[in-house]
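Single-structure report; data block below.
The numbers here are math on the coordinates, done by the rules we state, and not lab data. For clarity, every value in this text was computed on a predicted model and none was experimentally measured. So basically every Cβ, Gly included, is an ideal-geometry build from the backbone, and we count neighbours across all protein chains shown.
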Amino acid sequence: MMEKKPDISPDLDLAAFFDAAKANDTSPNAAFMENVMALAVGETEARAKPRITPVETTPAFTKLIRSLGGWKSVTALTACTCLGIVAGYVAPDSLGYLDLGGTQTIAETFDDDGYSVASDIETLFQEG
Amino acid sequence: MMAYDAMNDVDDDALMVLYANGDQEAARALTYRHAPRVLALSRRLLRDIAEAEDVSQEAMLRLWKIAPNWRQGEAKVSTWLYRVASNLCMDRLRKKRGTNLDDIPEPADDKPSVEATMLSKDRATALEQAMEQLPIRQKLAVTLRHIDELSNPQIATIMDISVEAVESLTARGKRTLASLLLGQKEKLGLE
């Protein structure tokens, strides 16, 4: 013979408890509701922000420097340019002895009378 | 932008679309419609108001995040929220029950309080205490069925189980509750 389970009718017995639980539900406080809505606003703002990926921008001047081989090369190039300009402005008095008499080129002078140039240099050294 | 009052008749799916398009009144309507129930469920399961608020805010935040991708007609917002909140609560309960039982603070309702002198309050308190004795899934199923008054298919969706499993969980849960509360019937005015 099967043993009969105790006759408990849970729905009937528990209904009063469930009703009490529902009746005693406390309303959420205002701060909680405001927090939830603040989260909604925050999420909307986060979505609205354009997602900018940083793009590397190199100034034209930097590109020019790089194309010339970097700062070292540019410094050397500048120094040489300045020396060239200075050399161009300063009168080469010491080259006065190369009086070519009009039409003769330097090459021709050396070809024709290389010794005379050498003796002139010696003269210059002697004169101090 | 529609006024909040004007949104009372707007269904949840439409509110989700409106919110996804930046309408904060839609968010307000969704909050007032669902947040209190999510909070109530979390509070019943966790029996800790601060933790319940944490969980409810997390569930609502997940709703806001999913709004742009919300698929209308696929799931009800309420069911989706209950599911998220239930999972978050169950995770927390498992951690508490599984590891540091001694660290769980005693629920305030265990102590006699002035407010608890009302009969209805006493019954609610007694039920909460009895619910603590139930396994987590039984507790969730009974809460959703008999306090939140959801249908078995809804609960099945929330808990990701079959309707038969829901029926089994609620039946076993109620049987345990009845046996636990039987001795208090007289004290709680249920003779």
For segment B:1-60 the chymotrypsin sites (Phe, Trp or Tyr not before Pro) that pass both the DSSP coil test and the at-most-10 other-Cβ-within-10 Å test are none
In degrees, nearest 10, the alpha-carbon axis of helix B:49-66 is tilted away from the dominant principal axis of the alpha carbons of chain B by 30 degrees
For chain B, the charge dipole (Cβ of Lys, Arg +1; Cβ of Asp, Glu -1; about the Cα centre) points to a positive end, and the Cα of B:L150, B:S179, B:A75 closest to that extreme belongs to B:S179
With a 28 Å threshold on alpha-carbon distance, the violating pairs from B:K65/B:K95; A:K22/B:K96; B:K76/B:K121; A:K49/B:K95; B:K95/B:K187 are B:K76/B:K121; A:K49/B:K95; B:K95/B:K187
Here the gain from full extension of A:K49 to A:V90, 0.36 nm per residue of separation minus their alpha-carbon distance, amounts to 8.4 nm
Extension length gain for B:E149 and B:Q72 (0.36 nm per residue less Cα distance), in nm, is 25.3 nm
Residue-normalised 222 nm signal for chain B, counting each DSSP H run of n ≥ 4 as -39,500 (n - 2.57), nearest 500 deg cm²/dmol, is -20500 deg cm²/dmol
Taking r as the C-beta separation of B:R175 and B:A14 and R0 as 30 Å, the FRET efficiency to the nearest 0.05 is 0.10
Between the modelled labels at B:E132 and A:W71 (7 Å from Cα along Cα→Cβ) the distance in nm is 7.1 nm
